[in-house]
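Just dropping this structure here.
A short reminder: the numbers here are calculations on the coordinates, not readings from a lab. Keep in mind that what you see is a predicted model, and the values were worked out from it rather than measured. Virtual Cβ from ideal backbone geometry, glycine too; neighbours counted across all protein chains shown.
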Amino acid sequence: MAGELVLLDFWPSPFGMRSRIALAEKGIPYEYREEDLRNKSDLLLQMNPVHKKIPVLIHNGKPVCESVIQVQYIDEVWHDKAPLIPSDPYQRAVARFWVDFIDKKIYELGSKIWKTKGEEQANAKKEFIECLKLLEGELGDKTYFGGESLGYVDVALVPFYSW
Amino acid sequence: MADEDVVLLDFWPSPFGMRVRIALAEKEIKYEYKEEDLRNKSDLLLKMNPIHKKIPVLIHNGKPVCESLVHVQYIDEIWPHKSPLLPTDPYQRAIARFWGDFVDKKIYGLESRKVWSTKGEEQEAAKKEFIECLKLLEGELGNKAYFGGENLGYVDVVLVPFYSWFYAYEKCGNFSIETECPKLIAWAKRCMEKDSVSKSLPDQDKIYDYVLHLKKVFGIE
């Protein structure tokens, strides 16, 4: 199960952070490689020819692209430690729904907050806060979205805290 | 697993709804189909999907599941014994999920809508990118009968609904998808030979009429 693991990443990327957290939760050693996004490495272009984006997880030479897919892959391959995805199919569907929500809303709205001004910015801020409140509602009284320990939604969302 | 209460809130032209219909049909699950009027959404829809207020919503024993990619995985996990859709190998699953995500981003993203909703240079650029994305999918299909190999799999279920929209795209965009991507159209026709697909997709002419109606409503020529 060990074998060679490389993460092509870019330090500020919240998507890269997700994979870093998942690998750390599982205690899996890997090689971290910083990409210069203005000068992408041949390896990145070869491993993610479709989107040419980080993060890319390379496991025994085979690439896995898209951070939510990486987190699921990591959870499935190293399933014995720190399970992230619920075992119940309905709870899994709920977790996937919220991760999809985070992907659709948080990054884009967050980007608008720092990229725009005036009315566009004001609307983005308002909608951003509304989305965070919806997430608060989903968290409820639980310690983590995953319950007693970090789960899939926690890993997907917490990187945005650094932003 | 019998006597399960399965309800699908849907809208007939929605390719996202079609995915769920196909998955349920592949698994031979009986369910109640409820057509939503999107200009007058039912209380049930608003209650079951308060976040997005969108179809499709799958209600299983009273509990809602939202988002079509989530639905297909859920259906596959709840009813694993018939027609498995996702591979068992984690790496193959990652690949299937990647292409499912690609289809969502590129084939039904905002850019591809421009193929039928714009004109001139903007439309030409949208057509070009749309065909490029279909060619990437052809590459992934390779010589396999289906993306899932010998049988329908996750990517097949996620992508084939858009085949019902291709005629509308071709008429509005004045191009032939089959000329550009013959392998993909051959794949789509192969999928349509299965009842689970052909009974879940509306007629292409009906979708074209619907697109013309949308263009009128949005004031697009």
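Going through segment B:57-78 one residue at a time, which ones are under 17 Å from B:Lys30 (Cβ atoms) and more than 10 Å from chain A (Cβ to nearest Cβ)?
Correct list: B:Ile59, B:Gly62.
Quick one: which of A:Arg96, A:Arg20 is within 12 Å of chain B (Cβ to nearest Cβ) and basic (Lys, Arg)?
Within the list A:Arg96, A:Arg20, the selection yields A:Arg96.
Here's a follow-up. In this structure, does A:Glu138 turn out to be free of Cβ contacts under 8 Å to residues at least 12 places away in the same chain and in a helix (DSSP H, G or I)?
Here the answer is no, as A:Glu138 does not meet what is asked.
Now for a separate question. Looking at (1) under 23 Å from B:Gln92 (Cβ atoms); (2) crowded, with 21+ Cβ neighbours inside 10 Å; (3) touching a residue at least 60 places away in the same chain (Cβ under 8 Å), find the lone condition where B:Val155 falls short.
(3)
Only one residue in B:Ile185, B:Ile207 is over 27 Å from B:Leu8 (Cβ atoms) and either β-branched (Val, Ile, Thr) or surrounded by 16 or more Cβ atoms within 10 Å (Cβ to Cβ) (or both). Which one?
B:Ile185
Among the residues that make up segment A:68-76, is at least one of them farther than 15 Å from A:Leu150 by Cα, at the interface with chain B (Cβ under 9 Å from one of its Cβ atoms), surrounded by fewer than 20 Cβ atoms within 10 Å (Cβ to Cβ) and more than 16 Å from the chain's Cα centre (by Cα)?
Within segment A:68-76 (the criterion being farther than 15 Å from A:Leu150 by Cα, at the interface with chain B (Cβ under 9 Å from one of its Cβ atoms), surrounded by fewer than 20 Cβ atoms within 10 Å (Cβ to Cβ) and more than 16 Å from the chain's Cα centre (by Cα)), the answer is no, since none of the residues qualifies.
Okay, moving on. Step by step: first the residues of segment B:39-56, then only those that are crowded, with 18+ Cβ neighbours inside 10 Å and closer than 20 Å to B:Glu4 by Cα, then the one that is farthest from the other protein chains (Cβ to nearest Cβ). Which residue is that?
Checked segment B:39-56; the qualifying residue farthest from the other protein chains (Cβ to nearest Cβ) is B:Leu45.
When segment A:77-91 is examined, which residues are found to be more than 7 Å from chain B (Cβ to nearest Cβ) and either more than 27 Å from A:Val6 (Cα to Cα) or among the β-branched types (Val, Ile, Thr) (or both)? Write out each step before concluding.
Taking segment A:77-91 as the starting set, the residues that turn out to be more than 7 Å from chain B (Cβ to nearest Cβ) are A:78-88, A:91.
Passing the criteria: A:Ile85, A:Ser87, A:Asp88, A:Gln91.
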